[in-house]
There are 2 protein chains.
Amino acid sequence: MTILKKSDICKKYSMYTRKERNTPEEKPTRTELSTLGEFGLIDRLSKSLTIKHAGTVKGIGDDAAVINTGDNLLLLSTDLLLEGVHFDLTYMPLKHLGYKAAVVNISDIAAMNGVPKQMTVSIAVSNRFSIEAIEELYRGIHMACDKYNVDLVGGDTSSSVSGLLISITITGEAASNEIVYRNGAKEGDLICVTGDLGGAYAGLLILEREKQVYKANPNMQPELNGFEYVLGRQLKPEARTDLRNIFKELTLIPTSMIDISDGLASEVLHICHQSNTGCRIYEEKIPIDEETKRLALEFNIIPTVCTLSGGEDYELLFTIKQTDYEKIITVPEITVIGYITASSDGQKLITPDGHLVKLTAQGWDAFISKP
Amino acid sequence: MTILKKSDICKKYSMYTRKERNTPEEKPTRTELSTLGEFGLIDRLSKSLTIKHAGTVKGIGDDAAVINTGDNLLLLSTDLLLEGVHFDLTYMPLKHLGYKAAVVNISDIAAMNGVPKQMTVSIAVSNRFSIEAIEELYRGIHMACDKYNVDLVGGDTSSSVSGLLISITITGEAASNEIVYRNGAKEGDLICVTGDLGGAYAGLLILEREKQVYKANPNMQPELNGFEYVLGRQLKPEARTDLRNIFKELTLIPTSMIDISDGLASEVLHICHQSNTGCRIYEEKIPIDEETKRLALEFNIIPTVCTLSGGEDYELLFTIKQTDYEKIITVPEITVIGYITASSDGQKLITPDGHLVKLTAQGWDAFISKP
């Protein structure tokens, strides 16, 4: 009887030649994931993709895929959240986690100027979690679905070897002339953000500090008083689905849009990269809440750094034509923070004293654990 | 300054009363996940759901959700695969794993009698995996997308604390009069399956045996010769998207359908449960390949047990009206294995010697690791 090697299994099923053996141990070339980062990996994995269906209007590379299903366009987006990478159950109550996990996805639909519709939720849980704990997680998901008028239509549940994992996919809807992509910004467009930024990161700083205090001495109780706003930004973020209605009232369609999940700098660079433009962001125009400012200074961090690199604010970043400026000037939810330039001008932050600083994305990368 | 407890974080953000603290450690009631199983958990988590959108035709409880988007209906399904729970990289090459992960989802669309269209793929990987390893995984996914004409339109990538995780969501399309649900079986309908069953489980038995041999003595090489068919069933399953075309040619719409992922018994019970019927399955009619039979006997397992409880065959189980029997009689892909009865008659297997045995789902549960 011929004795087969493991690699021969591959050969037999016509997917491999012997040289293509692919277990991590056997590969001749090994490039560490950390050398690429998340966006580099996505680029590398999607570079050879071709679109087969005429209905696939937009594939990888925006907040959501866009699919033509008939009358309207369908938006499709998905997010993966892992314990120990994206959340820490030491300070994140399960109901909040469920709520946030849903909101993160709803925000992706808001970032396309769509209406969120249906959601699937898959979870993997270790036996560390009781059924009551899982129900608590789903209570948060249901709360978000109720608030944002989304139907939970399916999912998958599984055990995990360790920890909790949540994978959510969401659909949305919009007319084709309403959808806003990342790649539509043009030279001269104004760059706008909703709400205020950096709060979610400031909230995380507090929670992390109190966790360290607790670890050092479990009898110490966390000091969370006076930080209500930033803690709320971190623990119970909301998606800006209200902007779609505001845009409708203003008869305004942004030229490009993205939600702020990884930090303002990273998102501005996404818009510039995909629209092939440069930009100027006025540091002093970036909207920051007073509590965020106070907290940042307490941690010896320049407040704008929280906004540029912090992430998780789930506000919207968008660009509008200069001729639409009059429409937004009286809208309190919207702040103009800069403008789009030619690509050759680069992507720059203008400091309060007028210096130009290159914008770099130091936002937390999903391949590096959060601070 | 008031000192807050951890539970006060919850109170502050209006989602909790003090009594509702929800970390696993703090819950007053603790029910173990193992007491419910996957389907029990899904039932419990989805029991209070109400549907908000008229476009949501079908939510939780079938192979895919059904969404009315205009001309046609959109199908939406999602599956989660975890290392150590759903797959073992000791014998599952990454390219095969990617292929299989995609096929599992495509099979869900086939089970609704739909055409698979778009797919999102989210992965979480530990730094144990190199970029080349991830690319290998995606090569398998791309191969399946090419073969089944599916567009990969998005996803999410993340690091994991340990192991590999794949979460795939797929869309499909079908006209409303084409979609086949699990709940349409009627008394007197014939129960049919495609292909042959139990092979994937037989393949798993071989791979597990060789793994144990390898663990006992790493110098031993696996003996895989002569098991090509069952290994292929386990390592490179295919989705039965061909049946949709066969049904079209036969001008036949099944009354109910499901794909066989958890074992024939479990799937028959799903159909009966959702259609509120009983059934009779003739044990000797269940199609089994000769290699599967030989292997099962070598492992001292009754071959039909592999089909009833094995799972992962990704064949289709469906019911048709008796009046449609003439249409399928000459189709080699289809075997009639029994018929639907009134619910009060129960769900029974008829053994070759004419005994009636209660059908029970002993298929592997995602909450119990595979053998």
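The values are calculated or read from the model by the stated rules, or taken from the named source; none is laboratory data. Computed from a predicted structure; not experimentally measured. Don't worry about glycine lacking a Cβ; one is built from the backbone with ideal geometry, like all the others, and counts go over all protein chains shown. In case anyone asks, the SASA skips ligands and DNA or RNA and just uses the protein heavy atoms, side chains included. Shrake-Rupley method; radii C 1.70, N 1.55, O 1.52, S 1.80 Å.
Filter the stretch A:212-247 down to the residues that are of a type in the set (Asp, Glu), outside any loop (DSSP other than H, G, I, E, B) and facing chain B (nearest Cβ under 10 Å) and list them by number. Full working, then the answer.
First, pick out the residues of the stretch A:212-247 that are of a type in the set (Asp, Glu): A:223, A:228, A:238, A:242.
Okay, now just the ones that are also outside any loop (DSSP other than H, G, I, E, B), so A:228, A:242.
A:Glu228, the sole residue that qualifies.
Answer yes or no: is there a residue in the stretch B:76-98 that is in a loop (DSSP other than H, G, I, E, B), over 19 Å from B:Pro237 (Cα atoms) and either touching a Lys or Arg at 6+ places or on another chain (Cβ under 6 Å) or open to solvent by 10 Å² or more (accessible area, probe 1.4 Å) (or both). Step through it out loud before you land on a result.
Residues of the stretch B:76-98 that are in a loop (DSSP other than H, G, I, E, B), as a first pass: B:84-86, B:88-93.
Filter again for over 19 Å from B:Pro237 (Cα atoms), leaving B:84.
From what is left, the residues that are either touching a Lys or Arg at 6+ places or on another chain (Cβ under 6 Å) or open to solvent by 10 Å² or more (accessible area, probe 1.4 Å) (or both) are B:84.
Yes - at least one qualifying residue is present in the stretch B:76-98.
Tell me, yes or no, whether the stretch A:326-335 has at least one residue that is touching a Gly at 6+ places or on another chain (Cβ under 8 Å) and in contact (Cβ under 8 Å) with a residue 40 or more places away in the chain.
We begin by selecting, within the stretch A:326-335, every residue touching a Gly at 6+ places or on another chain (Cβ under 8 Å); these are A:333.
Filter once more, so that each one left must be in contact (Cβ under 8 Å) with a residue 40 or more places away in the chain: A:333.
Scanning the stretch A:326-335, I find at least one residue that is touching a Gly at 6+ places or on another chain (Cβ under 8 Å) and in contact (Cβ under 8 Å) with a residue 40 or more places away in the chain, so the answer is yes.
Of the residues A:Ile141, A:Ile179, which is at the interface with another protein chain (Cβ under 10 Å from one of its Cβ atoms) and of a type in the set (A, V, I, L, M)? Break it down stepwise before answering.
Details: A:Ile179 fails: at the interface with another protein chain (Cβ under 10 Å from one of its Cβ atoms).
Criteria check complete, one pass: A:Ile141.
A:Ile141: of a type outside the set (Phe, Trp, Tyr), under 18 Å from A:Asp79 (Cβ atoms) and assigned to a helix (DSSP H, G or I), yes or no?
On the way: of a type outside the set (Phe, Trp, Tyr): yes; under 18 Å from A:Asp79 (Cβ atoms): yes; assigned to a helix (DSSP H, G or I): yes.
So A:Ile141 passes the test.
Mind counting the residues in the stretch B:58-86 that are more than 17 Å from A:Ile67 (Cβ to Cβ) and without any contact (Cβ under 8 Å) to a residue 24 or more places away in the chain? Walk me through it before giving the result.
Our first condition is that a residue be more than 17 Å from A:Ile67 (Cβ to Cβ); within the stretch B:58-86, this holds for B:58-63, B:79-86.
Checking which are without any contact (Cβ under 8 Å) to a residue 24 or more places away in the chain leaves us with B:59-60.
Counting residues in the stretch B:58-86 that are more than 17 Å from A:Ile67 (Cβ to Cβ) and without any contact (Cβ under 8 Å) to a residue 24 or more places away in the chain gives 2.
Return yes when B:Ser162 is small (Gly, Ala, Ser) and either surrounded by fewer than 23 Cβ atoms within 10 Å (Cβ to Cβ) or at pLDDT 95 or above (or both) and no when it is not.
Details: small (Gly, Ala, Ser): yes; either surrounded by fewer than 23 Cβ atoms within 10 Å (Cβ to Cβ) or at pLDDT 95 or above (or both): yes.
Criteria met by B:Ser162.
Just need a number here: residues in the stretch A:167-210 that are surrounded by fewer than 24 Cβ atoms within 10 Å (Cβ to Cβ), at pLDDT 95 or above and farther than 24 Å from A:Leu75 by Cβ.
4
In this structure, does A:Asn105 turn out to be in contact (Cβ under 8 Å) with a residue 40 or more places away in the chain, in contact with a strand residue (DSSP E or B) (Cβ under 6 Å, 6 or more places away or on another chain) and at the interface with chain B (Cβ under 9 Å from one of its Cβ atoms)?
Spelling it out, it is not the case that A:Asn105 is in contact (Cβ under 8 Å) with a residue 40 or more places away in the chain, in contact with a strand residue (DSSP E or B) (Cβ under 6 Å, 6 or more places away or on another chain) and at the interface with chain B (Cβ under 9 Å from one of its Cβ atoms).
Check whether at least one residue in the stretch B:228-236 is without any contact (Cβ under 8 Å) to a residue 40 or more places away in the chain, of a type outside the set (Ser, Thr, Tyr) and open to solvent by less than 40 Å² (accessible area, probe 1.4 Å), and report yes or no.
Checking the stretch B:228-236: at least one residue is without any contact (Cβ under 8 Å) to a residue 40 or more places away in the chain, of a type outside the set (Ser, Thr, Tyr) and open to solvent by less than 40 Å² (accessible area, probe 1.4 Å).
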